[in-house]
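First comes the structure, then the notes that go with it.
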Amino acid sequence: MSNTSWKDPSRLDITSESVRQMQFTLLKKQLLRVYEHSPYYREKFDRAGVDPRRLTSLAQYRDYPLFDKYEERESQARSRAELGHPLGMHLTCDHRAVNRMSASSGTTGTPSFQGHTANDRAIMNRNFARMAELTGLRPGDRVMMAGVMSMWVAGIPTVDALLAYGANVIPIGGLVGSAKVIEMIELTRPEVIVCTPSFARQLLKKARQEMAVDLSVMGVRTLSVYGEPGGSVPEIVRELSEGFGGAEIFDMSGGTGCLNPIFSQCREHDGMHFIAPDSAYIELYNREKGEVLPWEDGAEGEFVYTGLDRECGPLIRFMDGDKMRVKMQPCGCGLPGMRFNILGRVDDMLLVKGVNVFPSAVRDLVLGFEGEVTGNVRVVKTDASPVIQPPMAVRVECRGRPDDAARADLQRRLEERIQRQLRFRADVRLYPEGELVMEYGATGKVKLLEEPAG
């Protein structure tokens with residue numbers, strides 16, 4: 001699909017016969033390729049009793065096995081041990097054809113890695129150009145990339161895509177710290193800033209409270225935000241727009257295992273459009289019932305992704321864990337097709353200063369202090385938003401009743417390990433055994449609580 005035709009209604013409506021036929025053709029081609037080139041996928045498909053050579057419809061694809069982050073991590077651990085590279089046993093190209101590697105921002109252990117071939121990168125740049133067109137980004141615009149650069153999947157790849165689009169890129173990256181970013185905003189006057197919503201909020205707070213800098217007069221026209229739900233949360237959007245002098249806020253996103261971005265808001269700001277049906281096949285899935293749901297206006301479920309054109313390690317039927325509500329009515333911008341809003345993580349993911357935090361990961365870390373804790377844990381947030389400003393409140397029940405010195409030492413060690421392993425600051429409060437009322441939830445002894453601040 002060329003960039004001149006991607007907005008053609010006949011190419012965006014995923015319920016139309018023309019788009020379904022296009023996706024089926026691309027899907028079968030991809031499945032045949034991974035079956036031929038990946039012993040891992042061939043064994044997985046054979047074990048499930050499915051054969052791409054006999055696939056005749058998208059409906060049959062529902063019989064194919066699902067993939068999740070735990071399987072991905074296990075596959076990559078095996079490839080490190082057996083093959084000497086971290087790209088997974090599900091790699092479907094020569095590992096020497098990979099010319100860029102990025103890492104996830106997950107916090108549940110060793111990060112997962114994504115490799116990209118030259119063709120993968122070209123498609124990512126094409127998809128980014130669609131997003132840029134939808135949000136009014138123009139070649140020649142001064143664009144500050146203030147997200148984490150490093151190896152994050154939305155770091156260097158975003159800079160690559162901006163350069164390919166013709167933007168005037170200011171690649172400062174968020175790791176230099178908010179003070180340096182604010183200084184460079186003053187000096188370079190970017191028209192567009194790309195970062196996470198929480199980092200944008202941190203910039204406003206730092207500039208106002210500590211640097212006496214008014215970011216509302218810097219001429220920022222647009223904030224393109226990603227990586228967190230905040231870009232579609234009205235209260236956060238309003239705060240960012242006001243703080244940056246009326247800047248328009250656009251949310252963009254991707255699907256794990258796809259050549260991202262594949263989702264973007266338009267200027268109607270009524271959900272994110274699926275802008276790449278030729279790059280990803282998406283199913284709406286009910287995890288509790290184990291069934292694929294029809295694309296209906298207002299339907300809610302988890303997205304399951306298959307990369308249709310990815311050469312390096314495509315993920316086949318990957319369960320991403322985000323719960324969505326879809327919109328199928330035409331948008332006010334004129335584009336048809338599916339749009340959606342993110343309702344939250346299936347497993348209650350929180351965002352603490354741009355870091356993905358799962359309550360279950362906090363629990364698992366606390367359980368590492370065997371003999372000193374009961375494993376009864378509370379993770380506390382102060383409102384309904386999944387975005388939390390650090391330090392995040394964590395309540396932990398001690399084993400027995402240690403004296404003050406022992407409690408202080410345990411608190412210090414817990415906070416240090418959370419900072420080191422999970423990469424966010426926590427305010428740990430310890431409770432004697434029996435004083436933290438046991439409440440069982442979906443994740444066992446860890447409980448996510450919502451309490452007012454104060």
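The values are calculated or read from the model by the stated rules, or taken from the named source; none is laboratory data. Since the structure is predicted, the reported quantities are computational estimates derived from the model, not experimental observations. As a convention, Cβ positions derive from the backbone with ideal geometry for all residues, glycine included, and neighbour counts pool all protein chains shown.
For (1) crowded, with 23+ Cβ neighbours inside 10 Å; (2) on the phi > 0 side of the Ramachandran plot; (3) of a type in the set (S, T, N, Q); (4) not assigned by TED's automatic domain parsing to the domain that holds Val387, each residue gets a yes or a no:
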| position | (1), (2), (3), (4) |
| --- | --- |
| Phe274 | yes, no, no, yes |
| Ile282 | yes, no, no, yes |
| Trp295 | no, no, no, yes |
| Thr306 | yes, no, yes, yes |
| Leu315 | yes, no, no, yes |
| Met319 | no, no, no, yes |
| Asp322 | no, no, no, yes |
| Gly334 | no, yes, no, yes |
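Among the residues here, Val34 does not qualify as assigned by TED's automatic domain parsing to the domain that holds Pro336 and in contact with an Asp or Glu (Cβ under 6 Å, 6 or more places away or on another chain). When you go through (1) outside any loop (DSSP other than H, G, I, E, B); (2) aliphatic (A, V, I, L, M); (3) surrounded by fewer than 17 Cβ atoms within 10 Å (Cβ to Cβ) one by one for Ala212, which number turns out not to apply? Of everything listed in (1) outside any loop (DSSP other than H, G, I, E, B); (2) aliphatic (A, V, I, L, M); (3) surrounded by fewer than 17 Cβ atoms within 10 Å (Cβ to Cβ), Ala212 misses just condition (1). Tell me, yes or no, whether region 287-300 has at least one residue that is closer than 22 Å to Ile156 by Cβ, in a loop (DSSP other than H, G, I, E, B) and within 22 Å of the chain's Cα centre (by Cα). No; the residues of region 287-300 include none that is closer than 22 Å to Ile156 by Cβ, in a loop (DSSP other than H, G, I, E, B) and within 22 Å of the chain's Cα centre (by Cα).
State whether the residues of region 141-157 include one that is surrounded by fewer than 18 Cβ atoms within 10 Å (Cβ to Cβ), in the same structural domain as Asn125 (by TED's automatic domain parsing) and closer than 28 Å to Ser112 by Cα. Within region 141-157 (the criterion being surrounded by fewer than 18 Cβ atoms within 10 Å (Cβ to Cβ), in the same structural domain as Asn125 (by TED's automatic domain parsing) and closer than 28 Å to Ser112 by Cα), the answer is yes, since at least one residue qualifies. I'd like to check something: does region 435-447 contain any residue that is farther than 25 Å from Pro111 by Cα and either at pLDDT 90 or above or assigned to a helix (DSSP H, G or I) (or both)? No, because not a single residue in region 435-447 is farther than 25 Å from Pro111 by Cα and either at pLDDT 90 or above or assigned to a helix (DSSP H, G or I) (or both).
Within region 181-209, the residues that satisfy the criterion of being surrounded by fewer than 21 Cβ atoms within 10 Å (Cβ to Cβ) and either hydroxyl-bearing (Ser, Thr, Tyr) or part of a loop (DSSP other than H, G, I, E, B) (or both) are Thr188, Arg189, Glu191.
Which of the residues belonging to region 123-138 are small (Gly, Ala, Ser) and without any contact (Cβ under 8 Å) to a residue 40 or more places away in the chain? Listed by number, the list holds a single entry, Ala132.
Candidates are the residues of region 226-268 that are at pLDDT below 95 and at positive phi; the one that is surrounded by the fewest Cβ atoms within 10 Å (Cβ to Cβ) is Gly257. Figure legend. Inter-residue proximity from region 54-73: first residues under 30 Å from Phe113 (Cα atoms), second residues among the aromatic types (Phe, Trp, Tyr), beta-carbon distance below 6 Å, spacing 6+ or different chains. Indicated pairs: Leu58/Phe24; Phe67/Phe318.
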